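*Asks:* Can you read through this structure? Questions will come right after.
Each reported figure results from applying straightforward, stated rules to the coordinates on display, with no laboratory input. Note that this is a predicted model, so its numbers are computed, not measured. Counting neighbours? That spans all protein chains shown, and the Cβs are built from the backbone with ideal geometry, glycine included.
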Amino acid sequence: MGVVITSVGTSYDRDSGSVVTHAARAVRQALTSAAVEPQEVGVLINTGVYRDSNTVEPAIAALIQKDAGIGLEYGEHDPRTFSFDLMNGACGVLNAVQVADAILSTGSTGRVLVVSGDTHPSAVAAGARGGFPYATSGAALLLERSEGAEGFGSVHTELADGPSVIDGFVETKTMGANGRNLITVERDADAEERLLDVALAAASAAIDASDPDLSSTVLIASTPTPGFPALLAAKLGITALDAAALPALGGDTHTAALTVAYQHAVQEKLLGEYSTILFVAAGAGPSAAATVYRLTAGGDAT
């Protein structure tokens, strides 16, 4: 028995720069694809980091929930949906999978939405300002429990010693009245090398625990640099997902990277020859998270 991906949604059209708008669109797309009504979702977890106007409160998850039309009825017997933010950079989606597994195992709800996505705080529809490394996008994974062997294995995390390699922050002393629309992101020169090291450790632990057939395993990884998945795959001796047809979004999809790549793989029918996916995310800390996802019989994604 495990947690499986029932459906996926993504949004990244340039008509909006709001991560709330994109995430809500992704949620609605995932629910429509699975023929699931909004009231059937018990929990929504948002893992996005960079948000409209550098909003701190309320939780962005609540704004996404409202925009997506989930749990807006408040009668005594109406179903309830609980939403909250869980932020751990690029690793957030896999951390949320851990939480979703725990929630679904209680039977308190049958469905959990894991939402991700980032944007420049100015939320300019035409795209982020020059130098901002992250693309504007929203993504959603609808998760359920399965009685079969397919689904996510345990999530393995690693945190390396030393200072963080990527920092995003608001310089309150210098930004003045325009601070809600600005963000500073700093990346160390050796960021890629240090992220590869910690990602390799997490991925190796996930492989050791699940013992997948590496010849039929494909890597789907975060993209702190464009070549990161290929470099990590080479170190692991497995195949990386062919990202050639991924949409050119003008930057790293960051917290949404795993979901965007997974949907691409499903839509382009790239998973037919594989029995397992190795999901790996790495960022900031430097930290990484990894898990093995077993596909349904015949290699079809759920």
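*Asks:* Using 0.36 nm per residue, how much length does the chain from Ser108 to Ala177 gain when fully extended, once their Cα-Cα distance is taken away? Can you show the working numbers first?
*Replies:* On the way: separation 69, 0.36 × 69 = 24.84 nm, distance 4.47 nm.
Separation in residues times 0.36 nm, less the Cα-Cα distance, equals 20.4 nm.
*Asks:* How much length is gained if the chain between Ser154 and Lys235 is pulled fully straight, taking 0.36 nm per residue apart and subtracting their Cα-Cα distance, in nm to one decimal? Walk me through the intermediate numbers first.
*Replies:* Working: separation 81, 0.36 × 81 = 29.16 nm, distance 2.16 nm.
Stretched out fully, the Ser154 to Lys235 stretch lengthens by 27.0 nm.
*Asks:* Can you tell me the FRET efficiency between Asp15 and Leu214 if r is taken as the Cβ-Cβ distance and R0 is 35 Å, rounded to the nearest 0.05?
*Replies:* Numbers: r = 42 Å, r/R0 = 1.19.
So the FRET efficiency works out to roughly 0.25.
*Asks:* Determine the calculated [θ] at 222 nm for the chain from helices alone, applying -39500 (n - 2.57) to every DSSP H run no shorter than 4 residues and normalising by the residue count; nearest 500 deg cm²/dmol.
*Replies:* Values: 7 runs with 84 residues, N = 302.
Only helices count here, giving -8500 deg cm²/dmol.
*Asks:* What number comes out for the charge environment of Arg28, summing +1 per Lys or Arg and -1 per Asp or Glu over other residues with Cβ under 12 Å away? Don't skip to the answer; put the middle values down first.
*Replies:* On the way: positive: Arg25; negative: Glu37, Asp67.
In short, -1.
*Asks:* Return the distance in nm (one decimal) between the two label points of a simple spin-label model at Asp167 and Gln39, each offset 7 Å from Cα along Cα→Cβ.
*Replies:* Computed distance between label sites Asp167 and Gln39 equals 4.9 nm.
*Asks:* While we're looking at this one, here's another question. Work through the residues other than Asp118 whose Cβ is under 11 Å from its Cβ and net out their charges, Lys, Arg +1 and Asp, Glu -1.
*Replies:* On the way: positive: Arg51; negative: Asp52, Asp252.
Charge balance near Asp118 sits at -1.
*Asks:* Please compute the volume of the convex hull spanned by the alpha-carbon atoms of the chain and report it per residue in Å³. List each step's numbers first, then the result.
*Replies:* On the way: hull volume 39.7 nm³, N = 302.
Enclosed volume per residue, from the Cα hull, is 132 Å³.
*Asks:* Please list 92-104, 176-188, 267-279 highest first by mean number of surrounding beta-carbon atoms within 10 Å per residue.
*Replies:* Details: 92-104: 21.9, 176-188: 13.7, 267-279: 17.8.
Result, highest mean Cβ count within 10 Å first: 92-104, 267-279, 176-188.
*Asks:* Residue farthest toward the positive end of the dipole of the chain, with Cβ of Lys/Arg at +1 and Asp/Glu at -1: which of Leu86, Leu182, Val3?
*Replies:* Positive-most Cα among the choices belongs to Leu182.
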